[in-house]
Amino acid sequence: MITVEEAWNIIEARKKDYGTELIPFETSLGRVLAEDLKTDRDLPPFNRVAMDGIAIKFDAYQSGLREFIIQGTQGAGVEPLILSGPDQCIEIMTGAAAPDSADTIVRYEDLEIREGMAKVLVENVRRGQNIHFRGKDKKKGEAVAFSGIIISPSIVALAASVGKKELLVKKLPRIIIVSSGDEVVRVVDEPLPYQIRSSNDYAIKAVMQKYGARPDMIHVPDNPEICFQKIQECLFNYDVILLSGGISMGKYDYIPEALEKLSVKKLFHKVMQKPGKPFWFGRHNNGALVFAFPGNPVSTFICVHRYFIPWLETSLGLKIPSIMAELQSNIFFPGNLQYFLLANVQLNEEGKLIANPVGGNGSGDFVQVGSANAFMEFPSKESNFLKGQLFRVWIFDKVI
């Protein structure tokens, strides 16, 4: 049995760059950008009007002119009008391209408009006011987003604004989630009194969606021949196999035997932690990685976030943040195991991260996860953890 740190070091050493691929920008949410996103023209691409009002030449206002003849009206998306004289103005709308012959916008709130004339009522007009000048945000060819970031809705919008129909992103590994056990039935089936519905695989799949991954899923019954066949197929069709259940010491836990027969090298089995001690990790000669998590729902959920997600982020070139939160109640945990405690992490009024432990009935009680948004990691060589102490937290849901 190895420590959590040793287990992570072994896993991290197997990180892999799976290359890049071009995908439509509208399907890129959650993926990792693999190129700098650059403008195809100045931003804004023209002198954009920022307020509804009139367009004038500032020199005319500065010379003392306060009433202007309304020459015409211009909306957004049309070719700019041209002022025919210094005493002329153009009624103009937000988003329109300011005429080259005008350099100042006076908003409607500061005007009196009557019988084709616009009278300026204020004395604090400034040259260039209410115009967002061409190229002020970015010049053509400048980067608006950089390689190595997770694509957010704002990045999708930026891609659209610069005409980037396809984005180069980091390629994701081919992932399959394998659940096991005769006690597990499909969600659509009515379970017998001694059966449960499948949930671990759906939890893992939901976690993957954050990164734009769409893993496949299969279920393996408690049958050694079928178990061997299915895992063999997975090894030669996927880069990563995520197994849930079937790796403990029970007589019907056939997965470790199948992995051994298929020449998957065991890199470790059992980690000094609770929950999730039976965690198994190995690698096939073809490079496929196998993460075999314990079947208890909380164990699977914690192992996925403590080991697989950091491995995936590292493989995608992302940095793993180390986040600390203040424990809000005393915790006693005897034993020489690293303890992972479900918690609800929030920002208090002082802007400090605080963690309130979430109670439950052990690693088989997945209901408790619904009340948590993180888990707190306690060092293995201590037993008493006091309110006010700082410990590392792994956040898996939003913090309000």
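Read-outs: derived from the displayed coordinates by stated rules, not from any lab. The model shown is predicted, which means the values in this text are computed figures rather than measured ones. In this analysis, Cβ positions are derived from the backbone assuming ideal geometry, glycine residues included, and neighbour counts consider all displayed protein chains.
The order of the peptides 56-62, 384-390, 302-308 by mean Cβ neighbours within 10 Å, most packed first, is 302-308, 56-62, 384-390.
What's the local net charge at L29, with K and R +1, D and E -1, over the other residues with C-beta under 13 Å away? Taking every other residue near L29 into account, the sum is +2.
Computed from point charges on the beta carbon alone (+1 for Lys and Arg, -1 for Asp and Glu), the dipole magnitude for the stretch 48-132 about its Cα centre is near 160 Debye. Relative to the dominant Cα principal axis of the chain, helix 224-235 is inclined by about 30°. Residue separation of H132 and N286 scaled by 0.36 nm, minus their Cα-Cα distance, works out to 49.8 nm of gained length. Relative contact order, whole percent, for the chain stands at 15, derived from Cα pairs under 8 Å and 6 or more residues apart. Phi angles across the stretch 378-394 convert, under the Karplus curve 6.51 cos²θ - 1.76 cosθ + 1.60 with θ = phi - 60°, into 3J(HN,Hα) values of 9, x, 6, 8, 10, 10, 10, 10, 9, 4, x, 6, 9, 9, 5, 10, 10 Hz, Gly and Pro given as x. Between 0 and 90 degrees, the angle of helix 200-209 with respect to the longest Cα principal axis of the chain falls at about 30 degrees. Only Lys, Arg, Asp and Glu carry charge here, each on its Cβ (+1 for the first two, -1 for the last two); on that basis the chain has a dipole of about 1060 debye about its Cα centre. If you sort the three axes of the alpha carbon gyration tensor as a ≥ b ≥ c, you get a/c of 1.5 or more for the stretch 2-67 and a/b above b/c, which makes it prolate.
In this structure, the residue pairs whose Cα-Cα separation is over 20 Å, taken from K38/K398; K16/K165; K38/K165; K16/K164, are K38/K398; K16/K165; K16/K164. Sort the stretch 258-338 into rounded, prolate or oblate with this rule: let a ≥ b ≥ c be the square roots of the eigenvalues of the Cα gyration tensor; rounded if a/c is under 1.5, and if a/c is not under 1.5, prolate when a/b is larger than b/c, oblate otherwise. Judged from the Cα gyration tensor, the stretch 258-338 comes out oblate (a/c at least 1.5, b/c at or above a/b). In percent, rounded to a whole number, the relative contact order of the stretch 177-287 is 24, using alpha-carbon pairs under 8 Å and six or more apart. For the stretch 323-395, the relative contact order is 47 percent, taking Cα pairs closer than 8 Å that sit 6 or more residues apart in sequence and dividing their mean separation by the residue count.
Which value, in debye to the nearest 20, gives the size of the charge dipole of the stretch 287-379 about its Cα centre, when Lys and Arg are +1 and Asp and Glu are -1 at the Cβ?
For this selection, approximately 220 debye.
The convex hull defined by the C-alpha atoms of the chain has an orientation-averaged projected area of 27.3 nm².
Dipole of the chain computed with +1 at Lys/Arg Cβ and -1 at Asp/Glu Cβ about the Cα centre; of A145, P278, G19, farthest Cα towards the positive end is P278.
Considering only I82, N237, L347, and ranking their Cα positions along the charge dipole of the chain that arises from unit charges at the beta-carbon of Lys, Arg, Asp and Glu, the one farthest toward the positive end is N237. Computed from the Kirkwood radius of its Cα pairs, the Stokes-Einstein diffusion coefficient for the stretch 323-395 at 25 °C and 0.890 mPa s stands at 198 µm²/s. The H on the amide N of G181, modeled in the peptide plane, is under 5 Å from the matching H of V220, D222, each at least 5 residues off or on a different chain.
Would you mind telling me which residue in D52, D201, D40 has the biggest mean-square fluctuation in a Gaussian network model of the chain, where springs connect alpha carbons within a distance under 10 angstrom? Largest GNM mean-square fluctuation: D52.
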